[in-house]
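Notes follow once the structure below has been shown.
The values are calculated or read from the model by the stated rules, or taken from the named source; none is laboratory data. This is a predicted model, so every value here is computed, not measured. So basically every Cβ, Gly included, is an ideal-geometry build from the backbone, and we count neighbours across all protein chains shown.
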Amino acid sequence: MIAVARILTALLALAGVVGAPSAGASSTSGHKVLVFIEENHTASEALTHMPYLASMTRSYGKATNYRAITHPSLPNYLAIAGGSTYGVTDDDGPSSHPIRGRSVFDQTIAVGRSGRTYAESMASACYRTSSELYLARHNPWTYFSDSGPRANCARNDLPAGGPSTGRLHDDIVKGNLPATGFMIPNACDDAHNAGCSLARADSYLQSWMQVIKRGPDWTAGRLTVIVTFDEDDSSGNNTVAFVVADPRLHGRTVTSAANHYSLTRWLEDNVGAAHQNKAATAPNLKAAFGL
């Protein structure tokens, strides 16, 4: 068995993986994934100016060659949620871009698991109009226009509340997080708006992680938290931070190429849904992390 483990570690290293997971790190029936999406910074900027996020890379894991798909924001969110940009090249609202088909949340619900988005500062469920710090273009489920996805969104795309009260807080403390979950901070807590720093986004993330780590989904080992960015600030090659917090990881670094379609594939694989659109050919980042 020791020889087999050594061979496996060597193969992972050749695949661009450093720091193998602890023994037994494999897909778990009923496992959950919660994705935090931040805004408009390169990986270098994020990990330099977000010390808590940087500490997560040391404690758990990161991908160093992870890229967004394009600019501006919206097509990147659609890429994560559906494995395609659907030809969208702007940031217009859901009424301008009705998307046919199913999001990864709808795929999750279709296989009998739970899918949910938590959007900070959103006025009501599945709200399709930007308002103050809530930006609909950061909430991709609101763009999926078929009757089934629209009904799913109305039930499961919810105002987040805050770290001490509200729907996300309650789902964390009750062990009721979904199998496929997005947490969408508002346009200040995600470092999007002018005057809203990465330090603020880092503090906001830390406040949620403190709640998450006390929750039963985390303590039972059935939750992976992923933090990434929609795009860079157009100063680089669209390489963005991709940080994975999971108790099975210990300072793991994945250096092989991946992108937002790899995240779509990860979410599909986690619930056993079929790959759709460009997720079908995306690098298997979940496997690269050994999860």
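Some points to look at:
- Counting the residues of the stretch 138-157 that are touching a residue at least 40 places away in the same chain (Cβ under 8 Å) and farther than 22 Å from Ser121 by Cβ gives 4.
- Inclusion of Asp170 among residues that are loosely packed, with under 14 Cβ neighbours inside 10 Å, modelled with pLDDT of 95 or more, within 27 Å of Ser103 (Cα to Cα) and not basic (Lys, Arg) is warranted.
- Arg150 crowded, with 22+ Cβ neighbours inside 10 Å and either part of a loop (DSSP other than H, G, I, E, B) or basic (Lys, Arg) (or both): no
- Leu74 meets all of the listed conditions (1) out of contact with any Asp or Glu (no Cβ under 6 Å at 6 or more places or on another chain); (2) crowded, with 19+ Cβ neighbours inside 10 Å; (3) not charged (D, E, K, R) but one, namely (1).
- Residues satisfying the stated conditions in the stretch 210-232, i.e. touching a residue at least 60 places away in the same chain (Cβ under 8 Å), buried (at least 16 other Cβ atoms within 10 Å of the Cβ) and over 30 Å from His71 (Cβ atoms): Ile212, Asp217, Arg222, Leu223
- Scan of the stretch 244-275 for residues that are of a type in the set (S, T, N, Q) and within 17 Å of the chain's Cα centre (by Cα), ordered by number: Asn259, Ser262, Thr264, Asn270
- Filter result (under 13 Å from Asn40 (Cβ atoms) and more than 13 Å from the chain's Cα centre (by Cα)) within the stretch 178-188: Ala187, Cys188
- Matching residues in the stretch 62-107 - criterion: being of a type in the set (Ser, Thr, Tyr) and in a loop (DSSP other than H, G, I, E, B): Thr64, Thr70, Ser84, Thr85, Tyr86, Thr89, Ser95, Ser96, Ser103
- Residue match in the stretch 116-124 (condition: surrounded by fewer than 16 Cβ atoms within 10 Å (Cβ to Cβ) and at pLDDT 95 or above): yes
- Pick from the stretch 153-185, criterion among the polar types (S, T, N, Q) and out of contact with any Cys (no Cβ under 9 Å at 6 or more places or on another chain), ranking: farthest from Glu38 (Cα to Cα): Asn176
- Taken over the stretch 189-204, the residue count meeting the criterion of being in contact (Cβ under 8 Å) with a residue 60 or more places away in the chain, crowded, with 17+ Cβ neighbours inside 10 Å and under 18 Å from Glu231 (Cβ atoms) is 6.
- In the stretch 125-143, residue surrounded by the most Cβ atoms within 10 Å (Cβ to Cβ) [restricted to those that are among the hydrophobic types (A, V, I, L, M, F, W, C) and in contact with a Pro (Cβ under 8 Å, 6 or more places away or on another chain)]: Trp141
- Among the residues of the stretch 173-187, those identified as surrounded by 19 or more Cβ atoms within 10 Å (Cβ to Cβ) and out of contact with any His (no Cβ under 9 Å at 6 or more places or on another chain) are Leu177, Pro178, Thr180, Gly181, Phe182, Met183.
- Within the stretch 268-291, being crowded, with 23+ Cβ neighbours inside 10 Å and either touching a Phe, Trp or Tyr at 6+ places or on another chain (Cβ under 9 Å) or among the basic types (Lys, Arg) (or both) holds for Ala279, Leu285, Phe289, Leu291.
- Residue in the stretch 37-56 that is in a loop (DSSP other than H, G, I, E, B) and β-branched (Val, Ile, Thr) present: yes
- Qualifying positions in the stretch 233-243 - buried (at least 23 other Cβ atoms within 10 Å of the Cβ) and either more than 17 Å from the chain's Cα centre (by Cα) or more than 25 Å from Val173 (Cβ to Cβ) (or both): Val240, Ala241, Phe242
- Scanning the stretch 79-120 for residues being touching a Cys at 6+ places or on another chain (Cβ under 9 Å) and hydroxyl-bearing (Ser, Thr, Tyr) gives a total of 2.
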